[in-house]
Amino acid sequence: MRLQQRIWYVALVAAAVGVAAAIPWRASDYFVHVSVSVLYYVILASSWNLLAGYTGPFSLAHHAFAAFGGYTAALLVLRLAVPSIAAILVAAMLTAGVGLVLGFATLRMRAIYLAIATWAFAETFRLVIVAAYPITRGSVGLIVPPLFATRDPRPYYWIFLALSLLTLGAIWLLIRSRYGLYLQAVRDDEVRAESLGIDTTRWKIFGFALSSLLAGVAGACYGFYVSVLSPETIEFYEMGKIIVMVIIGGIGTFFGPVLGALIVQGLSEYFREFGQLRMLFFGVAVIILMRTYRQGSVALIRQLWARFYPPAKRLALRLRASQRAN
Amino acid sequence: MTTVTSALTTHALTRQFGGLVAVADVSLTIDRGEIHGLIGPNGAGKTTLLNLLSGTIPPTKGDIFLFGQRITGRPPHEIARQGLLRTFQIPRFFGQLSVRDNLLVAGYALNPGWSHRRRVERAEALIHLTTLERVASLPAKQLSGGQQALLQIATCLMSERAQVYLLDEPFAGVNPLIKDIIMRLIREENRARGVTFVIVSHEMAVIRQLTHRVTVMGGGRIIAQGTLDEIARNDLVIRSYLGSSVKELV
Ligand SMILES: Nc1ncnc2c1ncn2[C@@H]1O[C@H](COP(=O)(O)OP(=O)(O)OP(=O)(O)O)[C@@H](O)[C@H]1O
Ligand SMILES: [Mg+2]
């Protein structure tokens, strides 16, 4: 990338981050609250996209990983009096461990069997949470002590902003490195990847573990924010929401899940009174997108932009060409 | 044990699919620095043999040695890193990655120590050689069948360390001009670095121009071995596979 372009790019990102960081000073409590949930889903959608969009396995257990992180951190604090920060870190590690095991268990499965197996794992986990009432308080829900003494959502907003920036930064660097190419090679053709010296087992499990870790961190922090955990968050609806976000935004693209989380969570909040009907609406939107524009709205925007603003096309080409000139 | 002069040796290699014995008791020695042809009728077991040699599928029985080292049952990526690379009869590649990235990812995996510049230069040279310049930035799934075959070979050639190449019908659907370029490249790699090639082809012209020795398979077994002239005189081969066409060619 040319230096001038790079400066523009960095300036643009810095400005966006600056605006995002400044939002809480002007916005209402409610707006900040919704923004926290958007950022939470930015992390979940981006980390699931890392697995399903860049590595291949179409896991249906991502929401369960977030819940696993949430319950683990909360139980560590409540039952073992572990400090919150340490609890979040331990929960993240354990979630990565569970992701690694699930990745290993589903290693040789074809797409449909992998989807079923990961769904079964999530459902089992939900039933365990419901059944283990003495520890998890089952469907009643587990009250989690908040991180801060105030009910103000703003500190959580900054925490989640920092977490999503860290997540996005890590994913950005990863997919532009040789390891990101390995992941995409595994996604496109495992047999070919193996025959060219890529250890596909290792990279698939790595994809599982890393995406679970990110979901675990997000889930653990979000638990402290919402202050009550319930097995409802492990219902398939929640996974469906993540999938819808990634598909509407653009699966296998970097900005897709960010945009998707913003659109879906934003609209969900706006049309709150419609309840479950909202999912129907998103379902229809996904079907329409799958039939017409499979690359999602990021690609759509990119094309419209290039069409109505010709210099953008040249810029896009140049960006693409220089992406991996590391 | 095997001698060090052999690149690949198999002992009684066998692979069954249910009741079907696709490769039966194959004991084969490919010399170091040899260009070896593998021919035989459809369903003879050629592709299955390559799958076994590259570790893509495990054998039911038997052993494989690469430069004297036993590689039976090793995962394909280890065998690849030990210097054995292959192409597939139906081209395999990374469809959503650009042609250039297809080459770069192979460069990363096969030559981890290379500088970025060296990798890029090698990739560009191969793109030029295979005349894929115009499509170099396109997702590989958009290539034509012949271009996919070329990309597959170019991807393997990203390694400068590979000592053995197994090519399954490498020229199917490839334009004669580019075919010549690749054949020259194979001869060049063979002469300059002593690289060993096993080439499966139904095109007798290719086999005749390139190979030193030929193995004929039929029904999963080796039915003849030798120079093309020798096997062309073999009655069994003529009866079971070549018919009379080979006499015209040789
Ligand atoms: N995965 C598989 N499962 C079941 N049978 C198989 C499999 N692979 C190959 N076979 C069988 O093994 C036999 C040998 O097939 P193979 O592909 O090795 O032949 P080939 O010599 O490469 O033929 P061609 O010239 O048509 O490519 C065939 O009868 C085929 O049906
Ligand atoms: Mg074959």
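The values are calculated or read from the model by the stated rules, or taken from the named source; none is laboratory data. As the structure is a computational prediction, the values presented were derived from the model and not from experiment. For neighbour counting, all protein chains shown are included, and Cβ atoms are generated from backbone atoms with ideal geometry for every residue, glycine included. SASA here: full protein model, heavy atoms, side chains in, ligands and nucleic acids out. Shrake-Rupley method; radii C 1.70, N 1.55, O 1.52, S 1.80 Å.
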Test: B:G68 is more than 14 Å from B:L13 (Cα to Cα), surrounded by fewer than 21 Cβ atoms within 10 Å (Cβ to Cβ) and within 13 Å of chain A (Cβ to nearest Cβ)
no
Taking segment B:96-120 on its own, how many of its residues are surrounded by fewer than 20 Cβ atoms within 10 Å (Cβ to Cβ), within 8 Å of chain A (Cβ to nearest Cβ) and within 23 Å of B:L84 (Cβ to Cβ)?
0
Please enumerate the residues belonging to segment B:46-61 that are more than 16 Å from ligand 2 (Cβ to nearest atom) and over 9 Å from B:R15 (Cα atoms).
B:G55
Would you check if A:S164 is within 14 Å of another protein chain (Cβ to nearest Cβ), at pLDDT 95 or above and open to solvent by less than 20 Å² (accessible area, probe 1.4 Å)?
no
If you go through segment B:11-43, how many residues are within 13 Å of ligand 2 (Cβ to nearest atom), touching a strand residue (DSSP E or B) at 6+ places or on another chain (Cβ under 7 Å) and either within 14 Å of chain A (Cβ to nearest Cβ) or not in a strand (DSSP E or B) (or both)?
2
Quick one: count up the residues across segment B:72-94 that are open to solvent by 10 Å² or more (accessible area, probe 1.4 Å), assigned to a loop (DSSP other than H, G, I, E, B) and within 10 Å of chain A (Cβ to nearest Cβ).
6
Confirm whether A:A27 is open to solvent by less than 30 Å² (accessible area, probe 1.4 Å), over 22 Å from the mean Cα position of the chain (by Cα) and at negative phi.
yes
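For (1) in a helix (DSSP H, G or I); (2) within 16 Å of ligand 1 (Cβ to nearest atom), each residue gets a yes or a no:
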residue: B:S159; (1), (2): no, no
residue: B:A172; (1), (2): no, yes
residue: B:I178; (1), (2): yes, no
residue: B:A192; (1), (2): yes, no
Out of everything in segment B:196-209 that is modelled with pLDDT of 95 or more and more than 15 Å from ligand 2 (Cβ to nearest atom), what residue ends up being surrounded by the most Cβ atoms within 10 Å (Cβ to Cβ)?
B:T196
Would a scan of segment B:142-151 turn up a residue that is part of a loop (DSSP other than H, G, I, E, B) and either free of Cβ contacts under 8 Å to residues at least 24 places away in the same chain or open to solvent by 10 Å² or more (accessible area, probe 1.4 Å) (or both)?
yes
Applying the selection to segment A:251-273, what residues are in a helix (DSSP H, G or I), open to solvent by less than 30 Å² (accessible area, probe 1.4 Å) and of a type in the set (V, I, T)?
A:V264
Test for A:L181: is it in a helix (DSSP H, G or I) and within 14 Å of chain B (Cβ to nearest Cβ)
yes
Restricting attention to segment B:153-206, report how many residues are in contact with a strand residue (DSSP E or B) (Cβ under 6 Å, 6 or more places away or on another chain), away from chain A (no Cβ under 14 Å) and of a type in the set (S, T, Y).
1
Determine whether segment A:144-153 contains at least one residue that is touching a strand residue (DSSP E or B) at 6+ places or on another chain (Cβ under 8 Å) and closer than 23 Å to A:I43 by Cα.
yes
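Quick one: is A:L147 open to solvent by less than 80 Å² (accessible area, probe 1.4 Å), assigned to a helix (DSSP H, G or I) and of a type outside the set (D, E)?
Working: open to solvent by less than 80 Å² (accessible area, probe 1.4 Å): yes; assigned to a helix (DSSP H, G or I): no; of a type outside the set (D, E): yes.
No; evaluated as a whole, the condition is false for this residue.
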Restricting the search to segment B:122-141, which residues are more than 20 Å from B:Q89 (Cβ to Cβ) and within 13 Å of chain A (Cβ to nearest Cβ)?
B:A123, B:E124, B:A136, B:S137, B:L138, B:P139
When every residue in segment B:44-65 that is surrounded by 17 or more Cβ atoms within 10 Å (Cβ to Cβ) and within 14 Å of chain A (Cβ to nearest Cβ) is compared, the one nearest to ligand 1 (Cβ to nearest atom) is B:T47
List the residue pairs whose Cβ atoms are under 7 Å apart, where the first residue sits in segment A:11-34 and is touching a residue at least 40 places away in the same chain (Cβ under 8 Å), the second is among the small types (G, A, S), and the two are 6 or more positions apart or on different chains.
A:I23/A:S35
Of the conditions (1) modelled with pLDDT under 95; (2) more than 15 Å from ligand 1 (Cβ to nearest atom), B:I35 satisfies every one except a single condition; which number is it?
(1)
Could you say whether any residue in segment B:212-235 is in contact (Cβ under 8 Å) with a residue 24 or more places away in the chain, assigned to a helix (DSSP H, G or I) and within 16 Å of ligand 1 (Cβ to nearest atom)?
no
